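Participant: Here it is, the structure in full.
The values are calculated or read from the model by the stated rules, or taken from the named source; none is laboratory data. Bear in mind the structure is a predicted one, so any value in this text is a computation, not a measurement. FYI the Cβ positions are ideal-geometry reconstructions off the backbone, even for glycines, and counts take in every protein chain you see. Note: accessible area is taken over every heavy atom of the protein model, side chains too, but ligands, DNA and RNA are not part of it. Shrake-Rupley method; radii C 1.70, N 1.55, O 1.52, S 1.80 Å.
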Amino acid sequence: MIKAVRVDHRLVHGQVAFTWTHFLAATRIIVIDDKAATDEFQKMALNMSKPAGCKLNIFTVEKALSKMAKVETLNENIFIVFGCTRDAARFIEGYPKFKEINYGGIAKKEGSKSYGEVVYLNDEEVADSKKIMSLGTKIFMQQLPTTKREELRFAD
Amino acid sequence: MEKEKKVVIATHGELAKGLVSALKIIVGDVADIQTVCGYTTPDFDLDQTIQSIMNQHDFNQYELVVCTDMMGGSVNNGFVKYLGQYPFHLVTNTNLAFLVDLLLTPGCINAQVLTSKVSDDLVSVKYVNGVVNSMDDLDDL
């Protein structure tokens, strides 16, 4: 079953590979990110950060959508990680089944506003987030299992 | 009986504090870790520091795991001298990967668990250019 879904611009890194994977007892991480899935060096780096005893897949949004029927049949604890809100919104449009999604780290960039300690959204990311919410998926911000969890809400 | 663990990181210079700073980012709450930053003040006395750690530790209640920075370094050598006197675990050549793994392992720490953790390939120093990864399984379930 799918244990958790996260957006994290660093994809699989220390917090995800060790702390969350451990907390969720995840046995498979599925990275869904168009850019990473088509970059051999990025894939190599992600493969190196894969925790022991955990399987890893790196899919484009399109490929991930085509695999979901099979993913649902896997008898594993699955942790899905998106690299950006854009891919998350596109995926959820095609698979609107997540109850909630964790914004774990979205980098500061030009024109972005801070919504949480490590969550910075520009206009496009706000639009992606609103789309995700409109599809019935709640968004919460939380870096680590032991740090505070806050729901993302927009004034308008 | 299973005992919870207390961790001491003891190093030359500020490395111990630096490791805790990194652990806070990766693991989160690590309030329970004690650090010894050796030789950062002129009056640093290693033996006195170690003795006070041993005196203050409740060995009946908790396991004590001391992680030092370098085999053969004076900090590690300092602790070695106390191994016969106190029932603590001493690990050296400690790195961030080992500490993350140690802190994320709940429950009982004993000689057997530590022996297996230090020999885990995950915590060894690696030449990354030389790591050839088979990536066959990334593209399919």
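Participant: Among the residues of region A:88-102, write down those that are among the charged types (D, E, K, R) and under 18 Å from A:MET141 (Cβ atoms).
Facilitator: Listed by number, the residues that qualify are A:LYS99, A:GLU100.
Participant: Hey, another quick one. Are any residues in region B:18-65 of a type in the set (Gly, Ala, Ser) and either surrounded by 15 or more Cβ atoms within 10 Å (Cβ to Cβ) or at pLDDT 95 or above (or both), and if so, which ones?
Facilitator: Selection gives B:GLY18, B:SER21, B:ALA22, B:GLY28, B:GLY38, B:SER52.
Participant: A further question follows. Within region A:1-33, can you find the residues that are under 14 Å from A:ILE78 (Cβ atoms), assigned to a strand (DSSP E or B), among the aliphatic types (A, V, I, L, M) and open to solvent by less than 30 Å² (accessible area, probe 1.4 Å)?
Facilitator: A:ALA4, A:VAL5, A:ILE29, A:ILE30, A:VAL31, A:ILE32
Participant: What's the number of the only condition in (1) modelled with pLDDT of 95 or more; (2) surrounded by 13 or more Cβ atoms within 10 Å (Cβ to Cβ); (3) away from chain A (no Cβ under 14 Å) that B:CYS108 fails to meet?
Facilitator: (1)
Participant: If we scan region A:58-67, do we find a residue that is part of a strand (DSSP E or B), at the interface with chain B (Cβ under 10 Å from one of its Cβ atoms), modelled with pLDDT of 95 or more and closer than 22 Å to A:LYS131 by Cα?
Facilitator: yes
Participant: Select from region A:35-57 the residues that are open to solvent by less than 40 Å² (accessible area, probe 1.4 Å), within 11 Å of chain B (Cβ to nearest Cβ) and touching a Ser or Thr at 6+ places or on another chain (Cβ under 8 Å) and list them in ascending order. So that I can check it myself, show each step before the final result.
Facilitator: First pass over region A:35-57, keeping only residues open to solvent by less than 40 Å² (accessible area, probe 1.4 Å): A:36-37, A:43, A:46-47, A:49, A:51, A:54, A:56-57.
In the following step, the residues that additionally are within 11 Å of chain B (Cβ to nearest Cβ) were identified as A:36-37, A:43, A:46-47, A:49, A:51, A:56-57.
A:ALA37, A:PRO51, listed by residue number.
Participant: Determine which single condition A:ILE80 fails, assuming it passes every other condition in (1) modelled with pLDDT under 95; (2) within 14 Å of chain B (Cβ to nearest Cβ); (3) touching a strand residue (DSSP E or B) at 6+ places or on another chain (Cβ under 7 Å).
Facilitator: That leaves (1) as the condition not met.
Participant: Kindly evaluate A:THR73 against the criterion of being over 30 Å from B:SER119 (Cα atoms), polar (S, T, N, Q) and within 13 Å of chain B (Cβ to nearest Cβ).
Facilitator: yes
Participant: Can I ask one more? Among the helices (runs of 4 or more DSSP H) confined wholly to region B:57-124, which include 3 or more residues that are closer than 22 Å to B:THR40 by Cα?
Facilitator: B:74-80
Participant: Another question, if that's okay. Of the residues in region A:107-145, how many are more than 18 Å from the chain's Cα centre (by Cα) and either open to solvent by 70 Å² or more (accessible area, probe 1.4 Å) or at positive phi (or both)?
Facilitator: Counting residues in region A:107-145 that are more than 18 Å from the chain's Cα centre (by Cα) and either open to solvent by 70 Å² or more (accessible area, probe 1.4 Å) or at positive phi (or both) gives 5.
Participant: Kindly check whether there is at least one residue in region A:63-76 that is open to solvent by 10 Å² or more (accessible area, probe 1.4 Å), under 26 Å from A:VAL118 (Cα atoms) and not hydrophobic (A, V, I, L, M, F, W, C).
Facilitator: No - not one qualifying residue is present in region A:63-76.
Conditions tested, residue by residue: (1) in a strand (DSSP E or B); (2) away from chain A (no Cβ under 14 Å); (3) in contact with a helix residue (DSSP H, G or I) (Cβ under 6 Å, 6 or more places away or on another chain).
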position	(1), (2), (3)
B:GLU2	no, yes, no
B:ALA10	yes, yes, yes
B:GLY18	no, yes, no
B:ILE25	no, no, no
B:GLY28	no, no, no
B:ASP32	no, no, no
B:THR35	yes, yes, yes
B:THR41	no, yes, no
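Participant: Assuming A:GLY104 fulfils every condition listed in (1) over 22 Å from B:GLY28 (Cβ atoms); (2) within 13 Å of chain B (Cβ to nearest Cβ); (3) open to solvent by less than 10 Å² (accessible area, probe 1.4 Å); (4) not aliphatic (A, V, I, L, M) apart from one, which condition is it?
Facilitator: Result: A:GLY104 passes all but (1).
Participant: Out of A:PHE154, A:PHE98, which single residue is out of contact with any Ser or Thr (no Cβ under 6 Å at 6 or more places or on another chain), outside any strand (DSSP E or B) and of a type in the set (A, V, I, L, M, F, W, C)?
Facilitator: On the way: A:PHE98 fails: out of contact with any Ser or Thr (no Cβ under 6 Å at 6 or more places or on another chain).
Going through A:PHE154, A:PHE98 in turn, the sole match is A:PHE154.
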